[in-house]
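See below for the structure under consideration.
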Amino acid sequence: MKHKEEEKFKEFLAESFDQGVNIRELRLSTEEMEYIKRIYPKASLNKSIPKEASDGKVWYKVSLLPPGTDIDSINDARLAAIQKENVQLKQELESLKRSMATSSDN
């Protein structure tokens with residue numbers, strides 16, 4: 001893969017796996033697949049459709065999570081963090097309401 005192609009592919013990967021996305025199905029050439037394995041040694045790549053397309057690319061399920069990572073536990077942790085933030089925001093809102101009620105009484 002030429003340097004310019006590699007930079008373009010690197011940007012494509014960054015966009016594909018942004019905003020917390022860890023697993024995607026991508027159509028990859030052999031060079032692209034090898035690049036992912038080299039840059040992300042813990043990535044898992046499994047052929048989704050074993051048949052190769054006319055352009056030589058194959059569909060892969062690409063996971064940038066380390067093997068053995070439980071996606072459900074990651075989602076549970078994210079949900080717990082959101083719930084905690086929600087409780088904190090409710091407490092701040094109640095505190096603000098009380099302070100506004102106190103200041104309007106004066």
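Throughout, read-outs are computed from the coordinates displayed, never taken from laboratory work. As the structure is a prediction and not an experimental result, all values here were calculated from the model. Positions of Cβ are generated from backbone atoms using ideal geometry, with glycine treated the same way; all protein chains shown enter the neighbour counts.
About its Cα centre, how strong a charge dipole does the chain have in debye, to the nearest 20, once Lys and Arg get +1 and Asp and Glu get -1 at the Cβ?
Approximately 200 debye in magnitude.
Given the options A77, S29, V87, identify the residue whose Cα lies farthest towards the positive end of the charge dipole of the chain (+1 on Cβ of Lys, Arg; -1 on Cβ of Asp, Glu).
S29
Modelled label-to-label distance, K37 and A53, 7 Å Cα→beta-carbon offset: nm?
2.1 nm
Note the angle between two axes, namely the Cα long axis of helix 71-105 and the longest principal axis of the Cα atoms of the chain, as a number of degrees from 0 to 90, rounded to the nearest 10.
30 degrees
Calculate how steeply helix 3-16 sits against the longest principal axis of the alpha-carbon atoms of the chain, using the helix alpha-carbon long axis, and give the answer as 0 to 90 degrees to the nearest 10.
It works out to around 40 degrees.
How far, in degrees from 0 to 90, does helix 30-39 lean away from the longest principal axis of the Cα atoms of the chain, to the nearest 10?
In the chain, helix 30-39 runs at an angle near 50 degrees to the longest axis.
How much length is gained if the chain between D105 and A80 is pulled fully straight, taking 0.36 nm per residue apart and subtracting their Cα-Cα distance, in nm to one decimal?
5.2 nm
Beyond 21 Å between alpha-carbons counts as too far, so tell me which of K8/K47; K37/K61; K10/K42 fall in that bin.
Long pairs (Cα-Cα over 21 Å): K8/K47.
By how many nm would the segment from K90 to D18 grow when fully extended, if each residue of separation counts as 0.36 nm and the alpha-carbon distance is taken off?
23.0 nm
Scan [x] 24, 16, 12; [y] 27, 16, 11; [z] 47, 16, 11 for the value of semi-axes √(5λ) of the Cα gyration tensor in Å calculated from this model and give just the label.
Label [z] holds the value from this structure.
What distance in nm lies between label points placed 7 Å from Cα along the C-beta direction at E11 and R27?
2.1 nm
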